[in-house]
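Right, one structure below, let's go through it.
Please treat every number below as a calculation from the coordinates, not as lab data. In this text the structure is predicted, and so the values were computed from the model without any measurement. Quick reminder, even Gly has a Cβ in these numbers, built from the backbone with ideal geometry, and neighbours come from all protein chains shown.
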Amino acid sequence: MKSEQVAGFVSESMAGFIGIRRGAMHMLLVITGGVVLLGIFMLFGRLWGGDAAGMTLAARVFIPVWLLVALINMWVGVTKAGYTVGQELPILLLVFAVPAAIAAVLAWQLVRA
């Protein structure tokens, strides 16, 4: 291999590595945003409902709202960032599932309380 080819290979490898890291960071930020949004929903549920029932309702309402936000995130990834639907689907599942699972567990625990 010529030195230019080696340099090109190394820079392409590094770009791929950085791209993966950027994608993972974006995914982590979106998931964190979902958990923060869930906290806001729970706070308003507590303020408006005044008890565990209001917080349970807030957690249940959060799940379809978060699904819509996750779908919009996927749409942006496909239309603006140039990813394919196949590339974005696993990300959609993870981005949606983590905050939704936390909301479901919170709702379940609040009903039991």
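General observations
- Taking the square roots of five times each eigenvalue of the Cα gyration tensor of segment 25-112, the equivalent ellipsoid has semi-axes of 28, 11, 9 Å, listed largest first.
- Pairwise FRET efficiency - L93 versus I72, Cβ, R0 = 22 Å, nearest 0.05: 0.90
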